[in-house]
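Asks: Next up is a structure, given as C-alpha cells.
Read-outs: derived from the displayed coordinates by stated rules, not from any lab. Predicted model only: the values in this text are computed from it and were never measured. Cβ placement follows ideal geometry from the backbone for every residue including glycine, while neighbour counts extend to all protein chains displayed.
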Amino acid sequence: MRLVLFRSAWGLNLRADAARACASVRAAGFDGIEASLTDIGGSQAEQLAFGKAAQAEGLELILSAYSSWVNYEGVYEAKPVSAHVSTMLKELESLADLNGSLPLPLRLVNAHSGSDAWSEAEACEYFGALAQVCVWPNPYPEPRHSPEPYRLSSAERQGATGQGDPCPEPQQLPEPSPYPEGEASPSLGRLGVGLDRLRAGLGPAGLGP
C-alpha cells in the first residue's frame, strides 16, 4: 500500500503561473493537488490549461464543488435550498466539462454541500433534488474510487444500540428534478467519479452522513 499525498491549494497562487506552480508541487513530493474551480482559473480555458499543466507533471487532481460560499471566502450569505441545488448543479456541470477535456480523469470530486444550520427537511430537500439528477446507474462497470457505503441491517442496529432501530427506512425524496424522469444531464453523465462520491455520501434515509 502506498500513501498518496495531495497538496491543498490553500496558500498557493495556482493561477499566476500554472506550469511553475505544478512543477513546485511535484518537486515537493506531492502526488496531486486539491483545489476549487476558482483556484485553478477564472475561465474554462484557464481551468483546462491548469489541468493539463498538472497532468504534464504527473499530478492528479481532486476538485471541489460548492453549493454556496465558494472557498469559504468573503461574507457568508444564507441562501435557500433551491439556490444551493442550482449552484451545485452548475459546479458539477463545469467539472464534467473539464473532466471530459482532460487527458486523465479527475481523481475525486469533493462536494461542499448545503448548510449545517439546515433542518432535516431542508437537508432532505437538497439531497433529494440532487439525487434525482446525479444518482443513476454508473456508466463504469466498477466503482472507480468510492465503494457503496456499508449499511447495517435493522437487527445489527438494534444490537448495537439496544434501543430498537434509530435509523429510518429509505423514504420518498421530494421533487422536482430539472430533468425528465429517467434522464439526466448529458455532461454530468461524464462525471462518473463525482457521481460515485455523491452516492457514497447518501445515508440510509437519503441524507448526508
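Asks: With labels modelled as points extended 7 Å from the Cα through the Cβ direction, what inter-label distance (nm, one decimal) is found for Trp118 paired with Gln55?
Replies: According to this spin-label approximation, the distance is 3.2 nm.
Asks: Ordered by packing density, taken as the mean number of other Cβ atoms within 10 Å over each peptide's residues, highest first, how do 93-104, 52-63 rank?
Replies: Most protected by this proxy first, the peptides run 52-63, 93-104.
Asks: Which of the peptides 69-82, 110-123, 30-43 is most tightly packed, and how do the rest follow, judged by the mean count of other Cβ atoms within 10 Å per residue?
Replies: So the order, starting with the most tightly packed, is 30-43, 110-123, 69-82.
Asks: To the nearest 0.05, what FRET efficiency results for Ser86 and Arg20 with a Förster distance of 45 Å applied to their C-beta separation?
Replies: Result of the calculation: an efficiency of 0.80.
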